[in-house]
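Please read the structure below before turning to the comments.
The values are calculated or read from the model by the stated rules, or taken from the named source; none is laboratory data. Computed from a predicted model, the values in this text were never measured in an experiment. Every residue, glycine among them, receives a Cβ derived from its backbone with ideal geometry; neighbour counts consider all protein chains shown.
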Amino acid sequence: MAHEIKRIEKEFVFKTVSDEGAAVSVHVRTHRYRGVFDPVHGTKIILTMEEQLTKEVLPKRVTLFFFFRSTPMTCKCIVQSIEGQKIHLEMPDRVYRDLGRSYERVQPEGNIGVSVLLDGQSFKLDFPSSESYYEVTAPPSLDIDFNPAKIAQLIQGFRDKVATMGSENKIIMFRERKQETVAEKLITVSGKTLLLPFDSLRQFTDLHPKQRNLLITQDDLIRLFREIDMDPMTGVNTLRAYMEKRKSQKVWQEIYSPILYREYVVGYILLVRGDVHTGGVSPETLEFLIQFSRLLAYALKQNGYFKEIPVQAEFNNSDLIDISGSGMLFSYPLDGPELSLFMDIDIKVTTDPRNVPIRGRIMRIYRDSHNVYVGLQFLELNQEDHEFLLSYLYGADYDGKIEVNAPGFGEEEA
């Protein structure tokens, strides 16, 4: 899998390849243009190409492939200007090394798509979905004996335990009601715990940075407010005004911990800290709430709260994001088929001339609040189909292999 290099390393890499006049390949759809790096000028990259190019040939953004000390690297750059054989590019935001694949990945053009062929079960619930995911396979271990087979007993045990952590607690489920408040909408779209007020959140993350990834941080808020179609400043001010009102009622802190079942937020735990609970939230309290939410999700599963439904043999509601001669990245809605890491699946790549059946292995899978994204490595592909796919993706004169140092340019012949 490719790895993004850090900013300081990026500056060193481009200074080195520019000083050395290293070879570079500029990729534009099915065309490949060879050149070398010129010395770096500030934040600008300058290439001298083997042939003269024009604005009609080069789009606004191009892909570069080059080697740094025998390590393959790639990046996307914005074209600033073209002067004869010179191309002036902006310094890229991201550069990736150790590409881990033999073929260049390209964005699909024309009428090309992918469908997933499988028999099994799809998971669909009438609950809001989030960008987080938790697979409920076994009950988490807690320092108290909870019996997940008896929901009422489980909840009472929770209330007895959490009574020392706050002045009030609630368990709210989204089966009969939808998320209404700003706080509910934030934990639903993120699948993470929300700690209010923001001063308490900042203090907690400063003292306990290892638990930062469990919480909605202030860095997340702008993006999350936009996800729920709310102006970020309005959202922040709404929550601040709400906590000021709660403070007048001697409520100092509120913790919203979502109950996550796979990608679905089926409810949440609310812990209110008021009256004598004037100190900061302890990491033990946060950990207990999160672990209990997982235990409750497990108990609900064991008691038949969730049900699976069958899927069709061919799932067509997939979007092809990019594809190479050895793999692809595609996405599908959250209510699509249940796929998991390292699962082998059959797919069908559809084009106008022909359909290409492929068997592949899932090497990467991740989610946001709308889709599941699947990185697939090809395992079984007919030789004739493979040659067709290479020609379709890269053109007849290029086989898609990542090669930069072509003989005859950028180096002296022996």
| request: Select from segment 239-253 the residues that are outside any helix (DSSP H, G or I) and either touching a Ser or Thr at 6+ places or on another chain (Cβ under 8 Å) or among the aliphatic types (A, V, I, L, M) (or both) and list them in ascending order. | output: VAL251, TRP252, GLN253
| Which numbered condition GLU184 misses (of (1) exposed (fewer than 14 other Cβ atoms within 10 Å of the Cβ); (2) under 21 Å from TRP252 (Cα atoms)) | (1)
| said: Going residue by residue through segment 318-327, is there one that turns out to be assigned to a strand (DSSP E or B) and hydroxyl-bearing (Ser, Thr, Tyr)? | reply: no
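Would you pick out the residues in segment 195-216 that are in contact with a Ser or Thr (Cβ under 8 Å, 6 or more places away or on another chain) and under 20 Å from TRP252 (Cβ atoms)? Working first, answer last.
Just the residues of segment 195-216 that are in contact with a Ser or Thr (Cβ under 8 Å, 6 or more places away or on another chain), to begin with: 201, 205, 211-212, 214-216.
Selection gives LEU201, THR205, GLN211, LEU215, ILE216.
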| said: Can you say whether VAL106 is at pLDDT 65 or above and either of a type in the set (Asp, Glu) or crowded, with 17+ Cβ neighbours inside 10 Å (or both), as far as the supplied structure shows? | reply: no
| request: Go over the candidates THR181, THR137 one by one and state the one that is at pLDDT 85 or above, of a type in the set (Ser, Thr, Tyr) and in the same structural domain as ARG273 (by TED's automatic domain parsing). | output: THR181
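Take THR193 and tell me if it is surrounded by fewer than 20 Cβ atoms within 10 Å (Cβ to Cβ), among the hydroxyl-bearing types (Ser, Thr, Tyr) and not assigned by TED's automatic domain parsing to the domain that holds ASN371. Working first, answer last.
On the way: surrounded by fewer than 20 Cβ atoms within 10 Å (Cβ to Cβ): no; among the hydroxyl-bearing types (Ser, Thr, Tyr): yes; not assigned by TED's automatic domain parsing to the domain that holds ASN371: yes.
Spelling it out, it is not the case that THR193 is surrounded by fewer than 20 Cβ atoms within 10 Å (Cβ to Cβ), among the hydroxyl-bearing types (Ser, Thr, Tyr) and not assigned by TED's automatic domain parsing to the domain that holds ASN371.
Looking at the structure I just gave you, is GLN52 loosely packed, with under 13 Cβ neighbours inside 10 Å, more than 26 Å from ILE321 (Cα to Cα) and modelled with pLDDT of 80 or more? It would help to see each step written out before you state the result.
Values: loosely packed, with under 13 Cβ neighbours inside 10 Å: yes; more than 26 Å from ILE321 (Cα to Cα): yes; modelled with pLDDT of 80 or more: yes.
Answer is yes for this residue.
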| query | Which of the residues spanning segment 357-370 are surrounded by fewer than 20 Cβ atoms within 10 Å (Cβ to Cβ) and either at pLDDT 85 or above or outside any loop (DSSP other than H, G, I, E, B) (or both)? | reply | PRO357, ARG359, ARG361, ILE362, MET363, ARG364, ILE365, TYR366, ARG367
| Among the listed residues ILE259, ILE269, ILE290, ILE255, which satisfies the condition of being farther than 24 Å from ALA149 by Cα, of a type in the set (Val, Ile, Thr) and in the same structural domain as PHE158 (by TED's automatic domain parsing)? | ILE255
| message | For segment 378-414: of the residues being surrounded by 15 or more Cβ atoms within 10 Å (Cβ to Cβ), under 27 Å from ASP319 (Cβ atoms) and in contact with a Gly (Cβ under 8 Å, 6 or more places away or on another chain), which is modelled with the highest pLDDT? | response | PHE378
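Matching residues to (1) more than 13 Å from VAL136 (Cα to Cα); (2) at pLDDT 90 or above; (3) of a type in the set (S, T, N, Q); (4) not in a strand (DSSP E or B):
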position	(1), (2), (3), (4)
LEU260	no, yes, no, no
GLU263	no, no, no, no
VAL281	yes, no, no, yes
GLU284	yes, yes, no, yes
LEU289	yes, yes, no, yes
PHE292	no, yes, no, yes
ALA297	no, yes, no, yes
LYS307	yes, no, no, yes
| field | Close pairs from segment 317-334: first modelled with pLDDT of 85 or more, partner among the acidic types (Asp, Glu) and in a strand (DSSP E or B), Cβ under 8 Å, at least 6 apart | value | MET328/ASP322; LEU329/ASP322; PHE330/ASP319; SER331/ASP319; TYR332/ASP319; LEU334/GLU263
| remark: When segment 239-298 is checked residue by residue, the ones that are under 21 Å from ARG202 (Cα atoms), crowded, with 16+ Cβ neighbours inside 10 Å and acidic (Asp, Glu) are GLU254
| request: With the condition kept exactly as written, say whether any residue in segment 348-356 is touching an Asp or Glu at 6+ places or on another chain (Cβ under 7 Å), of a type outside the set (Lys, Arg) and assigned to a strand (DSSP E or B). | output: yes
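Of all strands (runs of 3 or more DSSP E) completely enclosed by segment 1-86, which ones contain at least 2 residues that are within 30 Å of ARG361 (Cβ to Cβ)? Spell out the reasoning first.
On the way: elements: 23-28, 31-37, 44-49, 61-68, 71-83.
Of the strands (runs of 3 or more DSSP E) lying wholly inside segment 1-86, those with at least 2 residues that are within 30 Å of ARG361 (Cβ to Cβ) span 23-28, 61-68, 71-83.
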| task | Would you point out which residue out of LEU224, LEU186 is out of contact with any Asp or Glu (no Cβ under 7 Å at 6 or more places or on another chain) and within 22 Å of GLN291 (Cβ to Cβ)? | result | LEU186
| query | Do we find that GLU20 is at pLDDT 90 or above, surrounded by fewer than 18 Cβ atoms within 10 Å (Cβ to Cβ) and not β-branched (Val, Ile, Thr) in this structure? | reply | yes
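In this structure, is LEU64 over 25 Å from GLU4 (Cβ atoms), in contact with a strand residue (DSSP E or B) (Cβ under 9 Å, 6 or more places away or on another chain), in the same structural domain as GLU9 (by TED's automatic domain parsing) and buried (at least 18 other Cβ atoms within 10 Å of the Cβ)? Let's see the steps before the verdict.
On the way: over 25 Å from GLU4 (Cβ atoms): no; in contact with a strand residue (DSSP E or B) (Cβ under 9 Å, 6 or more places away or on another chain): yes; in the same structural domain as GLU9 (by TED's automatic domain parsing): yes; buried (at least 18 other Cβ atoms within 10 Å of the Cβ): yes.
The answer is no for LEU64.
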